[in-house]
Amino acid sequence: MSDTPMSSGSPDDDDDPTLSFVPDDVATGGHRAKPPAPPGLRPPPKRRQRVLGMVQRSPLERKFARLGWRFAAPSLIVVAGVTLFPIAFSVAMSLSDVRVSSNGFELSGLTTENYSVLFSSERWRHALVFTVCYTIGTVLTELVLGTAIALVLERLSGSRGWMMALLLLPWAMITVVSAQLWAYMYNGVYGVLTSLSENLTGEARQFLGTPVPAMVSMAVADIWKTTPFVAIIVLAGLMMLPSDVIEAAKVDGAGGWTVFWRVRLPLLRPALTIAVLFRILQAFGIFDLPFVLTGGGPGDATESLALLGWQVMFTNLDFGPGAAVAASTAGLVLIGCLVFLRAFRARVGDEEGGT
């Protein structure tokens, strides 16, 4: 009889791919054996491995990635040309001494005089306060109305498509066209709303003739146009919510308001974040609506930062201060979006830590 002990494993263990990661120094007697792997444990695939915390791609994946960048390069160049270059040029112009002549303008030297003029201007401070208040008021109103409309659309079944099509008509309309439409309605002589206010109160109300009514009227026109955008995004978020979580909350005895406030609303935060970010970008840089509807008036009551920058640069031909208005507006929008995103992530992190 042979003195070699019998192996504790089966002869096919050496060929088992699930045990190939076990070191070969585990042996019993003269025969190297591999201990059985825990159930469900598999070695990492050879095609994709982690090296120092980074995923190492296969040659085919790297080839497709390079191909994707080649296809996307033309559009990225166009986007950089129409967005990044104007911003960079505005910043350079705002930090330069701009001299205007019959041949155009030229930049010379490095100066902060344009920003000194800007920050000391009462007109710029008024435009900043108006733009911030207008953005906060319209975005919050659109968020509440859009969420309510989305909840109503969610409960519809057969007529949801028609309602969504009708809802998108204001959003699909060009802002200049919708502003002109509201200008006709607000007109102090033949406007529909003016005539309606006269029939109800006995006095023809001038919606665009005094500062506060003009601000409210412009906000109403903007809310009418952009609320459908928020509603569609929130509706998409509602359709993606897991039904089992909501059903579990109802089984536990939660009412409709509790389910919405405690379950659905926290799950809707990603969709709400997208809607709020887009609306902040649009509302803070609003130009076409006040340009057509009020012209910034009465006085400078509805003059936004974008409209102020246009008037300073192209009406007064003060290119340096006008560029400073544009650059400061872009910086404020960037800071506001970053602060909002940071607050949103901190809120989500606190909730996850609490759970």
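Descriptive notes on the structure:
- Residue in the range 318-334 that is in a loop (DSSP other than H, G, I, E, B) and closer than 30 Å to G109 by Cβ present: yes
- Selection from the range 88-105 of residues that are at pLDDT 85 or above and either within 14 Å of A330 (Cα to Cα) or not acidic (D, E) (or both): A88, F89, S90, V91, A92, M93, S94, L95, S96
- Test set (1) of a type in the set (G, A, S); (2) within 20 Å of the chain's Cα centre (by Cα); (3) not in a helix (DSSP H, G or I) - G237 fails condition number: (3)
- Test: residue in the range 282-290 that is open to solvent by less than 20 Å² (accessible area, probe 1.4 Å), closer than 30 Å to V100 by Cβ and over 20 Å from the mean Cα position of the chain (by Cα): yes
- Breaking point among (1) touching a residue at least 40 places away in the same chain (Cβ under 8 Å); (2) surrounded by 14 or more Cβ atoms within 10 Å (Cβ to Cβ), for A271: (1)
- Any helices (runs of 4 or more DSSP H) falling wholly within the range 119-208 and containing at least 1 residues that are within 19 Å of L289 (Cβ to Cβ), charged (D, E, K, R) and open to solvent by 40 Å² or more (accessible area, probe 1.4 Å): none
- E303 vs. criteria in contact with a helix residue (DSSP H, G or I) (Cβ under 9 Å, 6 or more places away or on another chain) and modelled with pLDDT under 85: no
- Check on G253, part of a loop (DSSP other than H, G, I, E, B) and open to solvent by less than 50 Å² (accessible area, probe 1.4 Å): no
- Residue check for P228: assigned to a helix (DSSP H, G or I), open to solvent by less than 60 Å² (accessible area, probe 1.4 Å), closer than 22 Å to Q282 by Cβ and touching a Lys or Arg at 6+ places or on another chain (Cβ under 6 Å): no
- Check on M218, more than 14 Å from E154 (Cβ to Cβ) and in contact (Cβ under 8 Å) with a residue 60 or more places away in the chain: yes
- Number of the exception - W261 against (1) farther than 25 Å from K225 by Cβ; (2) in contact with a helix residue (DSSP H, G or I) (Cβ under 7 Å, 6 or more places away or on another chain); (3) among the hydrophobic types (A, V, I, L, M, F, W, C): (2)
- The one condition in (1) at pLDDT below 90; (2) hydrophobic (A, V, I, L, M, F, W, C); (3) farther than 19 Å from A324 by Cβ; (4) out of contact with any Leu (no Cβ under 7 Å at 6 or more places or on another chain) that V177 fails to fulfil: (1)
The values are calculated or read from the model by the stated rules, or taken from the named source; none is laboratory data. Keep in mind that this is a model prediction, so the values were computed, not measured. Here the Cβ is made from the backbone with ideal geometry for all residues, glycine too, and neighbour counts use every protein chain on show. In case anyone asks, the SASA skips ligands and DNA or RNA and just uses the protein heavy atoms, side chains included. Shrake-Rupley method; radii C 1.70, N 1.55, O 1.52, S 1.80 Å.
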